[in-house]
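Down below is the structure, laid out as structure tokens.
The values are calculated or read from the model by the stated rules, or taken from the named source; none is laboratory data. Computed from a prediction, not measured in an experiment: that's the story for all the values here. Glycine also receives a Cβ, built like all others from the backbone with ideal geometry; neighbour counts cover every protein chain displayed. Side chains are part of the model used for accessible areas, which takes the heavy atoms of the whole protein and leaves out ligands, DNA and RNA. Shrake-Rupley method; radii C 1.70, N 1.55, O 1.52, S 1.80 Å.
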2 protein chains.
Amino acid sequence: MQTSKHFLDSFFNPSSIAVIGASKNPSLFTFNVFNNLVKLGYQGRLYPVNPGAGEIAGIRAYTSLRDIEDDVELVVSVVSAGKTLDIMKECVEKGVKGIVLVSGGFSEIGERGIKMQDEIARILKQNGIRAIGPNTLSPVNFHNKLVVSFFPVEKIRVGTVSFIFQSGMYDLRLSWLFENFHLGVSKIIDLGNKMDVNEVDALEYLSQDKDTKTIGIHLETIRGDSKKFVQLLKNTSRRKPTVVLKTGRTEAGANAAASHTGSIVKGSDVVFDIALKQAGVIRAQDLDEFFDFVKAFDFLDLPSGNRCIIGSVSGGEGVLATDLCQQEGFLIAKPSVATVNKIKAIFPPWEIPVNPLDIGVCFQFHDPAEPFVIFFEAMADDPDVDCLVVQLPQIRYLFADVSMFPVDEFCKPFLQAKDKGMTIVTWAVSANRPDDPLVAYLESHNIPVYPSASRAIKALGAVCRYRVINLT
Amino acid sequence: MQTSKHFLDSFFNPSSIAVIGASKNPSLFTFNVFNNLVKLGYQGRLYPVNPGAGEIAGIRAYTSLRDIEDDVELVVSVVSAGKTLDIMKECVEKGVKGIVLVSGGFSEIGERGIKMQDEIARILKQNGIRAIGPNTLSPVNFHNKLVVSFFPVEKIRVGTVSFIFQSGMYDLRLSWLFENFHLGVSKIIDLGNKMDVNEVDALEYLSQDKDTKTIGIHLETIRGDSKKFVQLLKNTSRRKPTVVLKTGRTEAGANAAASHTGSIVKGSDVVFDIALKQAGVIRAQDLDEFFDFVKAFDFLDLPSGNRCIIGSVSGGEGVLATDLCQQEGFLIAKPSVATVNKIKAIFPPWEIPVNPLDIGVCFQFHDPAEPFVIFFEAMADDPDVDCLVVQLPQIRYLFADVSMFPVDEFCKPFLQAKDKGMTIVTWAVSANRPDDPLVAYLESHNIPVYPSASRAIKALGAVCRYRVINLT
């Protein structure tokens, strides 16, 4: 495996971690940073460093880095900016490979902070030590249970999505990613002020990481070589679909970025936008799109084309979805005569089954599962159809006792159609309810459920654009 | 009250309702249509009509309309299309004022259905009976607990928003409106095929309805006099902000509308769009925007201007929000020197409090409520600030035991700033969790919480556009 040779492996797969400034007060963020590693069962040696703490989360605390008997591969420092320089000297002595600087108060605060940051950078460079941050929450690697977070992390879900952030914004969302998106994560890196490690390093690492299949990148600025970055994006995205959310686009946003991560935005947003398009990379406009698109790429195989069938529970939503599909560039498929004949069986005699199909009408005459069975069976065999865009029923309306809902039976035709090569996206009013067994089942089988037709269709649209750019 | 004289009052405030075709089988939609009225406690006389049913939901069923001793003001018919003509004749005999035709199978199915629908329309017109539908779920009036719905409705939330739909799509969302949007509803009308009652009648009624403050209109087509409708929209919207979601915009969508509600879309979408703009009416692009905008208009007073301050829990989200605010046409406010001095107290010495404000930084040094208290107190007194766009913390991260969260104390400064004339919108990762006490409290005090910065800012943007159009 190539990845093991990349210098970032000391950050994602260190044999030992020392957390300098870990607190023993459970109400402080600096407690959580250490405690999460203990609680989640990080698979390496752990050393809290805090003079006078005695013991933190059941583990002996050290007075200084020097007192640790064994070697230390990674240092996570949560001490304040002013104390950081001293810590750096200890790290040099100890021969650590990588340092994460969590605290802010550096280049983002102006001249004094820039000076301090430059001095630290100089010392580290001189001694061959690499650093993430300052002003960062990093790294996260679910495979070895390495989670640096300010908040108590209760559970993790290992998967194939990796993220690069230039902000700790993901930190608020760790559990939300699992609950509302059912996303499984491989690695997360927050670049912060990018004193040393920047977006080029991070993407290079993820492009080689065998556990990463899909990549999401949030950036406020490009700090590294922008030509190299765009070239790397292009090469990576062909193999691992990559979604980019770039903020600091407007003048006010760029100013805000400067005081957030001390980043000066180079070049106009228009230029960056064109570069992304030329690199074949999908750009998200906001956080909803960012996570929606990442989920679509992670869950779906590339569709065979853009001819889509819309099946809705409400006729009105079917009309709305049809507008959205046409606006996103889909072809509204014309099902074959054979398909129409098959699905006629579930519709009342007066309803002509055209695309969009109002599946909801059939509930009046059939058991709720039956129309979906017939719908998926018919569509899966139609050579003129590539994608199915389907509204899910609210099962709590169909079954007074939700636990009586035959989730396996209901979902089987979805999975069979998927196995036959149909690309399926769905939407449901209950998509955000992690307790909905239909949503949980479908998403655990990589059929995405979005909270509205609009979000489902835009996400599928992103996948189809990627397909056209990269495969034709 | 003028409203009592409008003919639609027989639909929203009838003294008696007969449901023809009500079933006694609880698993059928035609049971729910009747049972909801009984269960919710509709404030009028109720008659189920179904030969041989004996009793439905504990109420004596009648063999036919003729057998009902008393007069019947409103008939809701759930019998199939083929049987409808016979029912019409009974309605004429009985002297009912209004009829709701729930079943489909009329103009939306083509020539045969159009003929049947025309024949019914002729009989009704001859006898001065008005009708909603066919192909409708209507009406809903929460004030007298009149709810026509296919699904069991457990609870209602009376409020000041009224909706016009051309689809039963709202039916799936009744409880979702309360849970995910905390919206209180006054009246809902679904126009269906618009054989008789159309959007002009419905809007006329709501424009006069004293219980309606905000209006949401979903349309697939304009059936009535389009000039009159636009004029009415203009006059109504000045007093009662009105949000329009028009589907069937694209060619494929228009075709879909034709087979959904038998509607032929007249004129291009571009023409309609211009007419709406000229009428000063806000148009939503999809259902998320539709409900987001309606909530903003219902909850918020019009802002005094468009100078906004952004307060975020994550610095990265602050940068994103700043971009979005500038893109939506907001001015990124410059807080006064006095304001800056006040908020300096909560920030660490190295952080310069500019707009956007990274409130999250302060959590490391203060009790979580304190930064919000200082933030709102300072902003509320600043004459150079009109709107506050604020990210909420996830309280389950700040309080291990959520029940310990001091919701009153935390929210007090929000309410005080609101009372001083600040327009406040917020966003939170947990916005869709109806069990979050912070979200529930703020929304019950008309401070909207959206699930993302993007949705919060777009909704506030719609309110600001409305203000500029209508008040300058």
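Couple of notes before you dig in:
- Of A:Ile129, A:Ile109, A:Ile120, all but one fail to be on the phi < 0 side of the Ramachandran plot and touching a Cys at 6+ places or on another chain (Cβ under 8 Å); the exception is A:Ile129.
- Checking A:Ser186 against (1) open to solvent by 10 Å² or more (accessible area, probe 1.4 Å); (2) farther than 20 Å from A:Ser263 by Cβ; (3) polar (S, T, N, Q), the condition it does not meet: (1)
- Members of region A:86-125 that are within 14 Å of chain B (Cβ to nearest Cβ), surrounded by fewer than 24 Cβ atoms within 10 Å (Cβ to Cβ) and among the aliphatic types (A, V, I, L, M): A:Ile109, A:Ile114, A:Met116
- The residue that is farthest from B:Leu28 (Cα to Cα), among those in region A:345-378 that are acidic (Asp, Glu), touching a helix residue (DSSP H, G or I) at 6+ places or on another chain (Cβ under 7 Å) and not in a loop (DSSP other than H, G, I, E, B), is A:Glu377.
- Residues of region A:236-275 that are of a type in the set (Val, Ile, Thr) and either within 8 Å of chain B (Cβ to nearest Cβ) or at positive phi (or both): A:Thr247, A:Thr250, A:Thr261.
- Search result, residues across region A:153-163 that are part of a loop (DSSP other than H, G, I, E, B) and either touching a Ser or Thr at 6+ places or on another chain (Cβ under 8 Å) or charged (D, E, K, R) (or both): A:Val153, A:Glu154, A:Lys155, A:Arg157
- Scoring A:Ser226 on the criteria (1) buried (at least 18 other Cβ atoms within 10 Å of the Cβ); (2) away from chain B (no Cβ under 14 Å); (3) closer than 22 Å to B:Gly316 by Cα leaves a single failure, condition (1).
- The one condition from (1) more than 14 Å from chain B (Cβ to nearest Cβ); (2) over 19 Å from A:Leu74 (Cα atoms); (3) open to solvent by 10 Å² or more (accessible area, probe 1.4 Å); (4) of a type outside the set (Gly, Ala, Ser) that A:Val161 does not meet is (3).
- Enumeration of residues in region A:100-159 that are touching a His at 6+ places or on another chain (Cβ under 7 Å) and without any contact (Cβ under 8 Å) to a residue 40 or more places away in the chain: A:Val158
- Filter result for B:Thr212 (assigned to a helix (DSSP H, G or I), in contact (Cβ under 8 Å) with a residue 24 or more places away in the chain and among the hydroxyl-bearing types (Ser, Thr, Tyr)): no
- Scanning region A:231-245 for residues that are surrounded by 17 or more Cβ atoms within 10 Å (Cβ to Cβ) and part of a helix (DSSP H, G or I) yields A:Leu232, A:Leu233, A:Lys234, A:Thr236, A:Ser237.
- Unmet criterion (only one of (1) assigned to a loop (DSSP other than H, G, I, E, B); (2) surrounded by fewer than 21 Cβ atoms within 10 Å (Cβ to Cβ)) for B:Lys342: (1)
- A count restricted to region B:164-209 and to residues that are in a helix (DSSP H, G or I), within 14 Å of chain A (Cβ to nearest Cβ) and aliphatic (A, V, I, L, M) stands at 4.
- Output for region A:25-56, where each listed residue is modelled with pLDDT of 95 or more, part of a loop (DSSP other than H, G, I, E, B) and closer than 25 Å to B:Val361 by Cβ: A:Asn50
- Condition met for A:Lys213 (in contact with a strand residue (DSSP E or B) (Cβ under 6 Å, 6 or more places away or on another chain) and surrounded by fewer than 19 Cβ atoms within 10 Å (Cβ to Cβ)): yes
Matching residues to (1) in contact with a Ser or Thr (Cβ under 9 Å, 6 or more places away or on another chain); (2) more than 10 Å from chain B (Cβ to nearest Cβ); (3) open to solvent by less than 10 Å² (accessible area, probe 1.4 Å); (4) among the polar types (S, T, N, Q):
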site: A:Gln285; (1), (2), (3), (4): yes, no, no, yes
site: A:Asp288; (1), (2), (3), (4): yes, no, no, no
site: A:Val294; (1), (2), (3), (4): yes, yes, yes, no
site: A:Pro303; (1), (2), (3), (4): yes, yes, yes, no
site: A:Asn306; (1), (2), (3), (4): no, yes, no, yes
site: A:Ile310; (1), (2), (3), (4): yes, no, yes, no
site: A:Val313; (1), (2), (3), (4): no, no, no, no
site: A:Thr322; (1), (2), (3), (4): yes, no, yes, yes
site: A:Gln327; (1), (2), (3), (4): yes, no, no, yes
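- Some residue of region B:17-30 being without any contact (Cβ under 8 Å) to a residue 24 or more places away in the chain, under 30 Å from the mean Cα position of the chain (by Cα) and within 30 Å of B:Thr212 (Cα to Cα): no
- A single member of B:Val407, B:Val389, B:Val439, B:Val425 is out of contact with any strand residue (DSSP E or B) (no Cβ under 8 Å at 6 or more places or on another chain) and of a type in the set (A, V, I, L, M), and it is B:Val407.
- In summary, B:Gln278 fulfils each of the numbered conditions (1) more than 9 Å from chain A (Cβ to nearest Cβ); (2) of a type in the set (S, T, N, Q); (3) outside any helix (DSSP H, G or I) with the single exception of condition (3).
- Residues (open to solvent by 20 Å² or more (accessible area, probe 1.4 Å), among the polar types (S, T, N, Q) and within 24 Å of the chain's Cα centre (by Cα)) located in region B:36-67: B:Gln43
- Qualifying residue in region A:29-37 (condition: more than 14 Å from chain B (Cβ to nearest Cβ) and either under 15 Å from A:Val79 (Cα atoms) or touching a His at 6+ places or on another chain (Cβ under 7 Å) (or both)): yes
- Members of region A:437-461 that are open to solvent by 10 Å² or more (accessible area, probe 1.4 Å), touching a helix residue (DSSP H, G or I) at 6+ places or on another chain (Cβ under 7 Å) and under 22 Å from A:Pro413 (Cα atoms): A:Pro437, A:Tyr441, A:His445, A:Asn446
Listed here are the residues, each with its yes/no results for (1) among the hydrophobic types (A, V, I, L, M, F, W, C); (2) open to solvent by 20 Å² or more (accessible area, probe 1.4 Å); (3) at pLDDT below 95; (4) under 28 Å from B:Asn25 (Cα atoms).
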position: B:Lys145; (1), (2), (3), (4): no, yes, no, yes
position: B:Lys155; (1), (2), (3), (4): no, yes, yes, yes
position: B:Gly168; (1), (2), (3), (4): no, yes, yes, yes
position: B:Leu172; (1), (2), (3), (4): yes, no, yes, yes
position: B:Leu177; (1), (2), (3), (4): yes, no, yes, yes
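- Among the conditions (1) under 18 Å from B:Ala257 (Cβ atoms); (2) in contact (Cβ under 8 Å) with a residue 60 or more places away in the chain, A:Gly329 misses just one, which is (1).
- Members of region A:333-381 found to be touching a strand residue (DSSP E or B) at 6+ places or on another chain (Cβ under 8 Å) and charged (D, E, K, R), listed by number: A:Glu351, A:Asp358
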